[in-house]
Every structure is written in C-alpha cells, then in structure tokens.
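Report on the structure given below.
The values are calculated or read from the model by the stated rules, or taken from the named source; none is laboratory data. This one's a predicted model, so the numbers in the text were calculated from it and none came from an experiment. Glycine also receives a Cβ, built like all others from the backbone with ideal geometry; neighbour counts cover every protein chain displayed.
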Amino acid sequence: MSEYTEESVRAELRAWLEENWDPDLSLLEWRNILVDSGWGMPQWPKEWFGRDLPVGLLRIVDEEFKRVDAITVARKGATTLAGSTVLAHGSDMLREKFLHRSLTGEDSWCQLFSEPGNGSDLAGAMTRADRQGNKYVVNGQKVWTTSAHLADFGLLLARTDLDVPKHDGLSYFIMDMRQPGVEVVPLRQMNDHASFNQVFMTDAEVPPEYLLENEGDGWKIATTTLMHERRNADSNRRKVEPTKRPERIFQEEAAEIATSMAPYTWYPQRTGRADLIIERAQEAGCNEDPVVRQEIAKLMTMSKAAEWTSKRARAAQEQGRAPGPEGSLGKLAASEVARAANRVHTMINGAGAMLSGADSPSDGLIAEVLISTPAISIAGGTDEIQKNIISERVLKMPKEPRFDTDRPYREVPKNALPQK
C-alpha cells in the first residue's frame with residue numbers, strides 16, 4: 001500500500017512550497033530546486049528526480065502549484081515525450097545526462113520519426129544508422145518535425161538492419177541536433193505558419209551509448225513515445241501563456257514561452273474551435289435557423305462525448321495504468337469533432353469564412369480554423385492508423401493482410417531510393 005494519502009501529499013507539498021517558492025529567483029534557479037526536490041515530476045521514481053507518487057494523486061500536486069501560481073518543469077517541444085521515453089528505456093547514463101536538464105529546460109527536444117517516403121507507415125522508415133567503429137553514421141531525411149529548429153536533441157528512429165522484417169530492423173537513438181551533419185529546413189503551411197521542418201542528415205554521428213536499449217528495439221520504444229503523445233499523459237500543469245506579473249521568474253518564463261510556444265500558436269484552431277460556434281451563430285444572426293441549430297446540437301453532442309473520452313483516459317492514468325489504445329479513441333474523436341466544427345463554421349459564416357483580416361469573421365480566426373483542421377487527422381498518426389489500432393487492439397478484429405512484415409525489408413518494394 002502506498003505511503004501517500006491525499007492529506008499527507010497536500011500538507012507536505014504545501015509546506016515545501018511555502019519554504020521554497022520564490023518568484024524573485026531566476027527560472028533556472030527555481031527549476032533546479034524543483035527538479036532536485038522531486039516535486040517537478042513526482043510520479044517518477046525517487047532515484048530519477050521523482051517521489052514515486054501514485055499517478056492518481058497528481059491532482060493534488062496540480063492544485064497546490066496553482067494555489068500559489070508556482071511554475072513547473074519545462075514543457076517545451078517534445079521535452080515530456082523525451083523524458084518519458086528516456087526514463088522507460090534509457091540507460092542510467094542517459095537518464096543522468098538528459099532527464100534533469102530536460103526538466104529544467106536547459107535542453108530542448110524534437111521527434112525524428114516521420115519520413116517523406118513512407119507516409120503513416122512509421123515502421124517503413126528508411127533513414128539509416130550504420131555502425132562504423134565507435135559511432136553510428138546517420139543518413140536520411142525526416143519531415144513534419146515540429147520545433148526541430150529550436151531543438152538541441154532529437155528522438156531518432158532509424159534503420160540499422162535491412163535483412164530482417166521491417167519492425168525488427170529499427171533502432172532508437174538520441175541525436176545531437178546542433179552538429180554539422182544536420183540541416184533543418186522550415187516548411188511553410190497553408191495557414192501561413194511554419195511549425196514543421198524537414199531535417200536532412202548527411203553523415204551525422206551518434207555515439208553508441210546514445211542508443212536506447214539494443215539494436216532492433218526501436219519499434220517497441222517508438223510505441224512508448226507514441227502512446228504518451230496520443231494520450232498526452234504528461235500534460236502541462238501550467239497554462240502556457242505569457243504572464244504580466246512583474247517578478248523575475250515570470251518574465252523569464254514569458255520569454256521562454258514566446259520562443260518555445262511560437263510554433264504551436266495555431267494548434268487550438270486545428271481542433272475546430274467548437275467553443276466559438278454559438279457566439280458566431282449569434283453574431284451572424286442564424287442562431288434561430290432550425291437547420292443551423294440542429295447542426296450545432298450535433299457538434300456539441302459529439303464534442304461533449306469526446307471530452308468524456310478524454311476524461312476516461314485521464315482516469316486510467318490516475319489509476320496508474322500504462323498508456324493504451326484509449327489514446328487512439330480520443331484522437332480519432334478529436335478528428336471527427338474538428339471536421340464537424342469546420343462544417344458548422346462554414347454553414348454559419350458562408351463565403352466570409354474564407355476571408356482573413358480585420359473585416360473578416362473573428363478577425364480571420366475562422367479562416368484559420370478551416371485551413372488548420374486537416375492537420376489533426378494527420379499529426380500523431382492518421383485517422384486510418386487510429387482505426388487500425390482500435391479495430392485490432394480494442395475490438396480484437398483480424399489484422400489487415402500484410403505482405404511486408406514476414407520477409408527481409410530489403411526485399412520489400414518501397415517508395416524510396418534503393419538501399420545499397
């Protein structure tokens with residue numbers, strides 16, 4: 001039985017915050033104190049900057065931090081995904097080197113998974129990592145890499161063996177993004193943001209100790225990363241918006257947010273912004289139209305059901321269960337809500353939904369919603385991938401017939417250049 005109770009956690013953390021929380025500290029000074037105390041990621045093991053706190057008690061931690069408006073650990077980019085993955089699969093050396101600095105924000109991360117030649121077939125990655133003496137030499141291209149231009153390190157999925165089935169030939173590395181062999185090229189999106197990047201690796205180097213577990217374990221480790229990403233198990237405990245408070249720590253946090261969150265400013269729009277629907281219907285004078293009202297009711301019903309699905313996933317986390325297929329259910333539901341909201345926005349605003357600028361609906365926000373919603377059905381695994389996961393892992397249906405999983409990947413036809 002756990003030594004913790006709600007009362008004991010609240011009392012201990014409240015006393016610790018009263019003694020240590022000081023908004024006149026620098027952001028780095030405070031986060032070093034926080035990480036060393038274990039209260040930054042209290043659900044982590046005590047030996048790795050945590051307190052072995054049951055996940056179900058994190059709500060108490062959230063409440064106490066919010067009560068005094070205390071800043072938490074760094075949440076920028078793929079930092080929480082990196083921390084969760086390195087904690088689960090990294091050696092003690094990697095945990096010692098990367099966990100603390102990631103939580104303090106001294107290191108920033110990106111996720112080097114997707115490739116231009118393989119679409120949603122993550123296991124078909126063709127970026128190569130070849131062992132040459134005391135290093136791995138990496139050549140290939142990744143795409144849709146959020147915040148790669150800001151990252152110090154990348155979570156790299158690369159192929160180390162072409163002579164085994166494709167899932168078995170992948171390995172998982174930590175790669176230095178600042179080395180000469182790595183080129184980051186921004187991708188301009190149709191909504192005029194540039195959150196994503198292409199990453200070209202030409203004879204980039206990775207030391208063998210930066211390999212997580214063993215060669216061939218990449219698919220298993222990537223699954224860990226993706227499950228955390230889809231369920232967002234390490235969700236922000238602080239609203240990531242700049243504050244106007246004058247103390248030093250809040251000003252430094254505001255500067256960090258302004259830089260690290262810039263690629264994500266359009267992310268609310270890709271959800272469809274169902275929260276704007278009723279107000280926009282009233283402004284447009286169509287809130288009494290029975291057809292519009294019916295579509296709004298359908299959307300709100302769907303949105304509330306998706307919210308409950310998300311709460312179920314959160315409840316599973318609080319019970320200490322590992323991330324599972326419920327993340328795919330929630331992600332697929334989010335895609336359906338976004339598309340439905342897109343349709344209702346179009347119904348309400350008509351041709352004006354295509355306009356941007358000060359004289360457009362909601363100062364162009366509706367137009368940005370319409371051209372941002374397709375992203376939610378692609379990022380983090382397409383809707384088709386989520387449906388496969390749900391059918392196979394939740395409904396226990398037979399797997400799709402495959403022709404590329406039982407023979408050496410070298411022999412499988414690919415949408416990529418031949419590999420020597």
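Conditions (1) closer than 27 Å to residue 250 by Cβ; (2) touching a Ser or Thr at 6+ places or on another chain (Cβ under 6 Å); (3) of a type outside the set (Val, Ile, Thr), marked per residue:
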position: 21; (1), (2), (3): yes, no, yes
position: 33; (1), (2), (3): yes, no, no
position: 48; (1), (2), (3): no, no, yes
position: 58; (1), (2), (3): yes, no, yes
position: 63; (1), (2), (3): yes, no, yes
position: 70; (1), (2), (3): yes, no, yes
position: 73; (1), (2), (3): yes, no, no
position: 80; (1), (2), (3): yes, no, no
Tell me, yes or no, whether the range 25-44 has at least one residue that is touching a Gly at 6+ places or on another chain (Cβ under 7 Å), on the phi > 0 side of the Ramachandran plot and buried (at least 18 other Cβ atoms within 10 Å of the Cβ).
-> yes
Please find, within the range 355-379, the residue that is surrounded by the most Cβ atoms within 10 Å (Cβ to Cβ) out of those that are within 19 Å of residue 278 (Cα to Cα) and aliphatic (A, V, I, L, M).
-> 369
Does residue 109 satisfy the criteria of being at positive phi and of a type in the set (A, V, I, L, M, F, W, C)?
-> no
Scan the range 12-24 for residues that are exposed (fewer than 13 other Cβ atoms within 10 Å of the Cβ) and more than 14 Å from residue 69 (Cα to Cα) and report the count.
-> 2
Among (1) under 25 Å from residue 98 (Cβ atoms); (2) under 21 Å from the mean Cα position of the chain (by Cα), residue 140 falls short only on (2)
Identify, by number, the condition in (1) under 14 Å from the mean Cα position of the chain (by Cα); (2) modelled with pLDDT under 90 that residue 237 doesn't meet.
-> (1)
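When you look at residue 174, is it of a type in the set (Val, Ile, Thr), modelled with pLDDT of 95 or more, part of a helix (DSSP H, G or I) and outside the structural domain of residue 304 (by TED's automatic domain parsing), yes or no?
Values: of a type in the set (Val, Ile, Thr): yes; modelled with pLDDT of 95 or more: yes; part of a helix (DSSP H, G or I): no; outside the structural domain of residue 304 (by TED's automatic domain parsing): yes.
Considered against the rule, which asks whether it is of a type in the set (Val, Ile, Thr), modelled with pLDDT of 95 or more, part of a helix (DSSP H, G or I) and outside the structural domain of residue 304 (by TED's automatic domain parsing), residue 174 comes out as no.
Specify which of the listed residues (87, 112, 81, 99) is touching a His at 6+ places or on another chain (Cβ under 9 Å) and aliphatic (A, V, I, L, M). If you could, list the steps in order and put the result at the bottom.
On the way: 87 fails: touching a His at 6+ places or on another chain (Cβ under 9 Å); 112 fails: touching a His at 6+ places or on another chain (Cβ under 9 Å); 99 fails: touching a His at 6+ places or on another chain (Cβ under 9 Å).
After applying the criteria, what remains is 81.
On the given criteria, is residue 341 at pLDDT below 90 and out of contact with any Pro (no Cβ under 8 Å at 6 or more places or on another chain)? Explain how you work it out, then say what you get.
Details: at pLDDT below 90: no; out of contact with any Pro (no Cβ under 8 Å at 6 or more places or on another chain): yes.
No: the conditions fail for residue 341.
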From 384, 392, grab the single residue that is surrounded by fewer than 14 Cβ atoms within 10 Å (Cβ to Cβ) and either acidic (Asp, Glu) or touching an Asp or Glu at 6+ places or on another chain (Cβ under 7 Å) (or both).
-> 384
Per the list (1) more than 18 Å from the chain's Cα centre (by Cα); (2) in the same structural domain as residue 215 (by TED's automatic domain parsing), residue check on residue 66 breaks on (2)
